[in-house]
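Visitor: Take this structure, written in structure tokens, and hold onto it; I'll ask about it next.
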Amino acid sequence: MSDVVLQSIVKRYGQTLAVDDVSLSIPQGHLVALLGPSGCGKTTTLRMIGGFVGVTQGRIFVGGRDVTALPPARRNMGFGFQNYALFPHMTVAQNVGFGLEMRKVPKVEAALRVRTALDRVRLGHLADRLPKQLSGGQQQRVSLARALVIEPDVLLLDEPLSNLDAQLRQEMKIEIRELQRSLGITTVFVTHDQDEALSVADRVVVMRQGRIEQDGTPDEVFETP
Ligand code: ADP
Ligand code: ADP
């Protein structure tokens, strides 16, 4: 079980109070959207969960384990970036397999897992292409496969749809939702787009100036005047 619990998290960058006493409990298998205007602390919160940014104060638990002091590689989380961050000189399969190589997963097993991950995002037929030979939506799927291939306990997605055109955004939103449900993977999804949060998440956490302003189901949050 990999529920995620944030206990009174504070993050300061010098004088800037980026995250100001955030507590949050995300049950195993839920998809929570962190929503709010630019600068409200969404990305910082996501990066603290992933371990890419250290907390100033507070604790983070995953599946009951205190991960606050662990480096990213020891948290078993998949991270999807806004701008894909694919290696341009590596094929799709190599991009997806990179994290497994880092983790010293044996080659045969790694190849199998890469294939499974690519099939999940319907890219099995493009395994040998380079990123630049793919469309934006396909590149985004590679990024998702790369996050999933390590069989993470938690999936962290930072504005995963914001570089896509409207139609692709719609498609990818549904795909991410279906994958998330079928794998039952606890997911935190950062977005500044209210409609996106409403349609994709089980629960929406609205942040403002480093604090949680609202926290509820999409209906609860958007019915509030
Ligand atoms: P959001 O993701 O909601 O746009 P961020 O978490 O990126 O918000 O930023 C929250 C606040 O922290 C902002 O005021 C931002 O300028 C500041 N901030 C973010 N990252 C850094 C950093 N590496 N160094 C200094 N200040 C930062
Ligand atoms: P996003 O909010 O989508 O992550 P930003 O443009 O806010 O994008 O931030 C881009 C990068 O710059 C991030 O790594 C963030 O941590 C860093 N950053 C943001 N605000 C500041 C700041 N005031 N000082 C230094 N670095 C910052």
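The values are calculated or read from the model by the stated rules, or taken from the named source; none is laboratory data. Note that the structure is a prediction, hence the values are computed from the model and not measured. For neighbour counting, all protein chains shown are included, and Cβ atoms are generated from backbone atoms with ideal geometry for every residue, glycine included. These area figures cover heavy atoms from the full protein model, side chains too; ligands, DNA and RNA do not enter into them. Shrake-Rupley method; radii C 1.70, N 1.55, O 1.52, S 1.80 Å.
Visitor: Quantify, in whole percent, the carbon and sulfur part of the accessible surface of the chain (1.4 Å probe; protein heavy atoms only).
Guide: 49 percent
Visitor: Something else: Within straight cross-link reach of K104, meaning Cα distance under 19 Å, which aspartates and glutamates are found once same-chain residues fewer than 8 apart are removed?
Guide: Here the aspartates and glutamates satisfying the reach criterion relative to K104 are E151, D153.
Visitor: Pick from E159, E151, E109: which is most flexible by mean-square fluctuation in a GNM of the chain where alpha carbon atoms under 10 Å apart are linked?
Guide: E109
Visitor: Once amide H atoms are placed 1.01 Å from N in the peptide plane, what residues at a sequence separation of 5 or more from V19, or on another chain, have their amide H within under 5 Å of its amide H?
Guide: So V19 has HN proximity to K11.
Visitor: Expected output is a single nm value to one decimal: the length gained when fully extending between A166 and A73, i.e. 0.36 nm times separation in residues minus the C-alpha distance. What is it? Could the numbers behind the result be given before it?
Guide: Numbers: separation 93, 0.36 × 93 = 33.48 nm, distance 3.38 nm.
Taking A166 through A73 to full extension adds about 30.1 nm, to one decimal.
Visitor: How large is the dipole of the chain about the Cα centre if only Lys and Arg carry +1 and Asp and Glu carry -1, each at its Cβ, rounded to the nearest 20 debye?
Guide: 980 debye
Visitor: Using the heavy atoms of the protein chains alone and a 1.4 angstrom probe, what is the accessible area of the chain per residue in square angstrom? It would help to have the intermediate numbers written out before the result.
Guide: Numbers: 11080 Å² over 225 residues.
I get 49 Å² per residue for this part.
Visitor: Would you work out which of Q180, P106, P160 lies farthest towards the positive end of the dipole of the chain? Charges go on Cβ: Lys and Arg +1, Asp and Glu -1.
Guide: My answer, from the dipole projection, is P106.
Visitor: Turning to a different aspect of this structure: Can you give the Kirkwood hydrodynamic radius of the chain from its Cα pairs, in Å with one decimal?
Guide: Kirkwood radius, the chain: 17.8 Å.
Visitor: Distance between the C-alpha centers of region 116-136 and region 1-37? Whole Å please.
Guide: 32 Å
Visitor: In terms of Cα to Cα distance under 21 Å, which lysines are near enough to K173, apart from those fewer than 8 places away along the same chain?
Guide: Hits, sequence-local ones excluded: K42.
Visitor: Identify which of M77, M48, M102 has the largest mean-square fluctuation in a Gaussian network model of the chain, with springs joining Cα atoms closer than 10 Å.
Guide: Top of the fluctuation ranking is M102.
Visitor: Quick one: length gained pulling S199 to R211 fully straight, 0.36 nm per residue minus the C-alpha distance?
Guide: 2.0 nm
Visitor: State, as an integer percentage, the relative contact order of region 76-199 based on alpha-carbon contacts under 8 Å between residues 6 or more apart. Could you put the intermediate results ahead of the total?
Guide: Details: 167 pairs, mean separation 43.8, N = 124.
About 35 percent, as a whole number.
Visitor: If you don't mind, another one. How large is ³J(HN,Hα), in whole Hz, for each residue of region 112-123 in order, when computed from phi with the Karplus curve 6.51 cos²θ - 1.76 cosθ + 1.60 and θ = phi - 60°, using x for Gly and Pro?
Guide: 5, 5, 4, 4, 4, 5, 5, 5, 4, 9, 6, 10
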